[in-house]
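Student: Quick one: the structure is below, and I'll ask about it shortly.
The values are calculated or read from the model by the stated rules, or taken from the named source; none is laboratory data. None of the values given here were measured: they were computed from a predicted structure. Here the Cβ positions follow ideal geometry from the backbone for every residue, glycine too, while neighbour counts run over all protein chains shown.
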Amino acid sequence: MQRIFSGIQPSGIPQLGNYLGAVRNWVALQKSHECIYCVVDLHAITVWQDPKLLAQQTREMAATLLACGIDPKAHILFAQSTVQAHLRLAWIFTCVARMGWLNRMTQFKDKAGKDRENVSTGLFVYPNLMAADILAYHATAVPVGDDQKQHLELANDIAQKFNHDYGVDYFPAIQPLILGPAARVMSLRDGNKKMSKSDPSEQSRINLTDDADTIALKIRRAKTDPQPLPEAVQGLDGRPEARNLVGIYAALTDTDHAAVLREFGGQGFGAFKEALTALVIEKLTPIAAETTRLLDDPATLDGILRDGARRAEAIADPIVTEAERMVGFLKL
Ligand code: TYM
């Protein structure tokens with residue numbers, strides 16, 4: 001059975017893009033794969049996080065993942081900082097990766113903005129840790145949204161260079177799994193900008209914890225254009241906001257853009273937005289309720305994460321120990 005690894009940052013409330021681009025696929029892949037899912041708190045601190053809030057958000061993210069349908073018994077769910085192997089391998093990869101490779105990362109450029117002198121060095125080497133997350137388990141498939149593609153290409157470069165430098169065939173190639181019609185959910189305010197937990201505008205995203213009224217208001221206010229919806233997919237070209245809303249509807253109904261346009265093509269946005277609102281509320285409300293229920297019992301939640309960490313460490317420790325031997329570290 002193919003082993004999958006993926007992670008999500010606990011740096012804010014998960015939004016619809018996280019769900020449709022990643023977590024929903026994580027849940028589905030549990031049927032056919034051995035899955036390891038991780039709340040990546042080490043990645044979160046590459047930008048400042050209030051310590052109390054970080055601990056709370058790590059639990060909240062774990063609870064949300066469980067509420068979405070991650071099965072912590074058949075698979076593994078844990079917090080990244082509780083498994084040492086990630087950091088041990090990340091350091092080795094930081095010595096394998098080249099400055100030039102990291103300099104090309106568009107996400108670093110976006111996050112660092114103009115003030116490069118003042119961002120943490122962690123933000124720069126972020127993709128090395130991501131490569132270590134995956135390769136510490138010899139995972140070969142990684143379900144992510146479209147925005148993580150470049151990081152996974154870099155992880156493959158790192159794996160290949162390690163194998164080449166040490167004359168081994170140790171780390172496998174990684175296959176990105178970028179699945180479904182909503183692999184890149186866009187902001188509700190700007191169809192050319194990714195929906196993000198960290199966007200300052202609340203109106204730009206739907207949070208998995210939003211109540212029905214909030215969801216309805218955000219969708220009603222979502223930016224659109226004055227044309228009715230097109231009859232065919234090509235009609236979405238040059239209409240990023242329309243494409244985005246149709247993609248969200250398609251993902252939530254397990255269809256594609258064409259099927260949604262067969263139903264709504266030719267109609268104005270009013271009726272479509274109403275149908276979309278009902279659908280989003282129907283899908284998200286149970287997740288929010290279950291998340292709240294799980295957070296009411298932090299001891300059980302911590303127990304699940306502790307058990308996940310123990311099982312994750314049991315897989316990753318021998319793999320990373322072997323890599324350390326290949327590098328020439330004493331194993332006393
Ligand atoms: P993060 O926390 O930003 O996002 C978690 C997952 O959600 C996807 N995603 C989206 N998909 C579609 N549309 C959007 N607007 C959208 N926004 C976010 C992301 O692609 C991601 O799959 N670096 C990663 C976390 C990570 C990781 C890993 C992932 C750390 N180690 C190892 C895979 C493997 C991140 O910051 O995701």
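Student: Name, by its number, the condition in (1) among the aromatic types (Phe, Trp, Tyr); (2) more than 16 Å from the ligand (Cβ to nearest atom); (3) closer than 23 Å to Ile13 by Cα that does not hold for Tyr166.
Tutor: (3)
Student: Please go through the range 28-86 and pick out each residue that is of a type in the set (Ser, Thr, Tyr) and out of contact with any His (no Cβ under 9 Å at 6 or more places or on another chain).
Tutor: We begin by selecting, within the range 28-86, every residue of a type in the set (Ser, Thr, Tyr); these are 32, 37, 46, 58, 64, 81-82.
Hits for the range 28-86 are Ser32, Thr46, Thr58, Thr64, Ser81, Thr82.
Student: Here is a list: Ala309, Ala314, Ala275, Ala259. Which entry is in contact (Cβ under 8 Å) with a residue 60 or more places away in the chain and out of contact with any His (no Cβ under 7 Å at 6 or more places or on another chain)? Can you show your working first?
Tutor: Numbers: Ala314 fails: in contact (Cβ under 8 Å) with a residue 60 or more places away in the chain; Ala275 fails: in contact (Cβ under 8 Å) with a residue 60 or more places away in the chain; Ala259 fails: in contact (Cβ under 8 Å) with a residue 60 or more places away in the chain.
Just one listed residue meets the conditions, Ala309.
Student: Is there a residue being among the hydroxyl-bearing types (Ser, Thr, Tyr) and out of contact with any Lys or Arg (no Cβ under 7 Å at 6 or more places or on another chain) anywhere in the range 139-156? Break it down stepwise before answering.
Tutor: So in the range 139-156, the residues among the hydroxyl-bearing types (Ser, Thr, Tyr) come out as 140.
Filter again for out of contact with any Lys or Arg (no Cβ under 7 Å at 6 or more places or on another chain), leaving none.
Looking for residues that are among the hydroxyl-bearing types (Ser, Thr, Tyr) and out of contact with any Lys or Arg (no Cβ under 7 Å at 6 or more places or on another chain), one finds none in the range 139-156, hence no.
Student: If you don't mind, there's one more thing I want to ask. Which ones in the range 120-157 are aliphatic (A, V, I, L, M), more than 9 Å from the ligand (Cβ to nearest atom) and not in a helix (DSSP H, G or I)? Break it down stepwise before answering.
Tutor: Start the filter on the range 120-157 by keeping residues that are aliphatic (A, V, I, L, M), which leaves 123, 125, 129-132, 134-136, 139, 141-142, 144, 152, 154-155.
Subset that is more than 9 Å from the ligand (Cβ to nearest atom): 123, 125, 135-136, 141, 154.
Hits for the range 120-157 are Ala136, Ala141.
Student: Hey, which of the helices (runs of 4 or more DSSP H) in the range 232-332, taking only ones fully inside, have at least 1 residues that are among the hydroxyl-bearing types (Ser, Thr, Tyr)? It would help to see each step written out before you state the result.
Tutor: Values: elements: 240-252, 257-264, 269-295, 298-327.
Correct list: 240-252, 269-295, 298-327.
Student: Specify which of the listed residues (Phe124, Phe162) is without any contact (Cβ under 8 Å) to a residue 60 or more places away in the chain, under 18 Å from Ala90 (Cβ atoms) and assigned by TED's automatic domain parsing to the domain that holds Gln80. Give the derivation first.
Tutor: On the way: Phe162 fails: without any contact (Cβ under 8 Å) to a residue 60 or more places away in the chain.
Going through Phe124, Phe162 in turn, the sole match is Phe124.
Student: Something else: Residues being part of a loop (DSSP other than H, G, I, E, B) and over 30 Å from Ile219 (Cα atoms): count how many of those fall in the range 162-203.
Tutor: 9
Student: Could I ask something else about it? Of all the residues that make up the range 77-118, how many are more than 20 Å from Glu34 (Cα to Cα) and assigned to a loop (DSSP other than H, G, I, E, B)? Outline the logic, then answer.
Tutor: Pass one, the range 77-118, residues more than 20 Å from Glu34 (Cα to Cα): 81-82, 84, 87-118.
In the following step, the residues that additionally are assigned to a loop (DSSP other than H, G, I, E, B) were identified as 84, 97-98, 104-105, 113-115.
The qualifying residues number 8.
Student: Another question about this same structure. For the list (1) within 15 Å of the ligand (Cβ to nearest atom); (2) closer than 29 Å to Phe272 by Cβ; (3) buried (at least 20 other Cβ atoms within 10 Å of the Cβ), I need the number of the one condition that Leu229 fails.
Tutor: The number of the failed condition is (1).
Student: Moving to a separate point now. Out of (1) acidic (Asp, Glu); (2) outside the structural domain of Cys68 (by TED's automatic domain parsing); (3) under 26 Å from the mean Cα position of the chain (by Cα); (4) surrounded by 13 or more Cβ atoms within 10 Å (Cβ to Cβ), the odd one out for Asp317 is which?
Tutor: Only one criterion in (1) acidic (Asp, Glu); (2) outside the structural domain of Cys68 (by TED's automatic domain parsing); (3) under 26 Å from the mean Cα position of the chain (by Cα); (4) surrounded by 13 or more Cβ atoms within 10 Å (Cβ to Cβ) is unmet by Asp317, namely (2).
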